[in-house]
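Below are the structure tokens for one structure; questions will follow.
The values are calculated or read from the model by the stated rules, or taken from the named source; none is laboratory data. What you see is a predicted model; the values in this text were computed from it and never measured. So basically every Cβ, Gly included, is an ideal-geometry build from the backbone, and we count neighbours across all protein chains shown. What goes into the accessible areas is simple: the full protein's heavy atoms, side chains included, and nothing from ligands, DNA or RNA. Shrake-Rupley method; radii C 1.70, N 1.55, O 1.52, S 1.80 Å.
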Amino acid sequence: MSFVPDGWQASSSELAGKTVLVTGANRGIGEAVALSCAQHGAEVLLLGRDDAKLAQVYDQIVDLGCPKPGIIPLDLTTRDPSLYTSLADELSGANVVLDGLVHNASVLGERRALAQTSPESWNEVLQVNMTAVFLLTRALMPLLGAATAASIVLTSSGVGRKGKAYWGAYAVSKFATEGYMQVLADELGATSSVRVNSLNPGAVNTGMRRTAYPGEPPDTNPMPDALTDRWLYLLSDASRKLHGQALSAQKS
């Protein structure tokens, strides 16, 4: 795509020596990105709330002969900041330096008019899709700052760049994601080697997409593993100068 230079291709050791934490690594895009990072040399930390599915992704990575991953069971509906700081303390105590942080975990919530959206669904979506991003990034910033050139990739959406009826809290949370990226990028630009960008995956054949568009033939859209080179590029040293950008994985 446009932000990936023509002819660029990740080598098998593109992320060798790097540690990358991926949220929502138990399924869909998160799983595909985690597997791809591992296959290109990274030690991947798999974060999600489905322990059994995380274990399956762990086994896949080990079976491929990739660097042994770590599993971080964490439910991002958790509002307690101390749980995020405790995680950061545990990783710091294990001398972990984070080279990459992929915020992929999201919940769709209710697809209905804002006036009919339940407060419970609204709060869950904003918590998982935005507040947890803030809490986790805030806690992990020292570990990211300890890396030579860390990269944060925030998962956005087309409905977070142009509002669309009946996308409710999900769209609002993705607009917030874009705003968070811009503010954080501006803060880090002159003070840190950590870079941050947002990436809109576009239409991808995932469970969330099938829920949002139940009448759409699944094979209309690419599988997540067909797009993982976009994340690899953003996590690699090749993208060191890319910062504060709202990017798209596919042509709109």
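Which of (1) more than 21 Å from residue 133 (Cβ to Cβ); (2) over 15 Å from the mean Cα position of the chain (by Cα); (3) modelled with pLDDT of 95 or more is the odd one out, the single condition residue 213 does not satisfy?
(3)
Of the numbered conditions (1) under 27 Å from residue 38 (Cα atoms); (2) surrounded by 15 or more Cβ atoms within 10 Å (Cβ to Cβ), residue 160 fails exactly one; give the number of that condition.
Residue 160 satisfies every listed condition except (1).
Something else: Of all residues in region 24-63 being in a helix (DSSP H, G or I) and among the charged types (D, E, K, R), which is nearest to the chain's Cα centre (by Cα)?
31
Just to be sure I understand the filter: pairs with C-beta atoms under 9 Å, separated by 6 or more residues or on different chains, first member in region 84-96 and acidic (Asp, Glu), second member open to solvent by less than 50 Å² (accessible area, probe 1.4 Å) and assigned to a helix (DSSP H, G or I). Which pairs pass?
89/139
Test each condition in (1) within 15 Å of the chain's Cα centre (by Cα); (2) closer than 29 Å to residue 221 by Cα for residue 72 and report the one that comes out false.
Exception for residue 72: condition (2).
Still on this structure, please answer the following. Residue 2 is checked against (1) modelled with pLDDT of 95 or more; (2) within 30 Å of residue 218 (Cα to Cα) and fails just one. What number does that condition carry?
It fails just one condition, (1).
Another question, if that's okay. Do we find that residue 172 is buried (at least 19 other Cβ atoms within 10 Å of the Cβ) and among the β-branched types (Val, Ile, Thr) in this structure?
On the way: buried (at least 19 other Cβ atoms within 10 Å of the Cβ): yes; among the β-branched types (Val, Ile, Thr): yes.
Spelling it out, residue 172 is indeed buried (at least 19 other Cβ atoms within 10 Å of the Cβ) and among the β-branched types (Val, Ile, Thr).
Restricting to region 84-134, what's the tally of residues that are at pLDDT below 95 and within 24 Å of residue 38 (Cα to Cα)?
Residues flagged as at pLDDT below 95 and within 24 Å of residue 38 (Cα to Cα) within region 84-134 amount to 0.
Hey, among the residues in region 121-150 that are touching a helix residue (DSSP H, G or I) at 6+ places or on another chain (Cβ under 8 Å) and not in a helix (DSSP H, G or I), which one's nearest to residue 235 (Cα to Cα)?
Looking at residues that are touching a helix residue (DSSP H, G or I) at 6+ places or on another chain (Cβ under 8 Å) and not in a helix (DSSP H, G or I), I get 150.
OK, next. Scanning region 69-86 for residues that are part of a loop (DSSP other than H, G, I, E, B) and polar (S, T, N, Q), which turns out farthest from residue 125 (Cα to Cα)?
So the residue we want is 78.
This table checks each residue for (1) closer than 18 Å to residue 150 by Cβ; (2) open to solvent by 30 Å² or more (accessible area, probe 1.4 Å); (3) not polar (S, T, N, Q).
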position	(1), (2), (3)
9	no, yes, no
18	yes, no, yes
27	no, yes, yes
40	yes, yes, yes
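Among (1) part of a loop (DSSP other than H, G, I, E, B); (2) crowded, with 18+ Cβ neighbours inside 10 Å; (3) in contact (Cβ under 8 Å) with a residue 40 or more places away in the chain, where does residue 66 come up short?
(3)
Of the conditions (1) of a type outside the set (Lys, Arg); (2) open to solvent by less than 10 Å² (accessible area, probe 1.4 Å); (3) touching a helix residue (DSSP H, G or I) at 6+ places or on another chain (Cβ under 8 Å), residue 181 satisfies every one except a single condition; which number is it?
Going through the list (1) of a type outside the set (Lys, Arg); (2) open to solvent by less than 10 Å² (accessible area, probe 1.4 Å); (3) touching a helix residue (DSSP H, G or I) at 6+ places or on another chain (Cβ under 8 Å), residue 181 breaks only (3).
If we scan region 207-218, do we find a residue that is assigned to a helix (DSSP H, G or I), out of contact with any Leu (no Cβ under 8 Å at 6 or more places or on another chain) and open to solvent by less than 50 Å² (accessible area, probe 1.4 Å)?
Within region 207-218 (the criterion being assigned to a helix (DSSP H, G or I), out of contact with any Leu (no Cβ under 8 Å at 6 or more places or on another chain) and open to solvent by less than 50 Å² (accessible area, probe 1.4 Å)), the answer is yes, since at least one residue qualifies.
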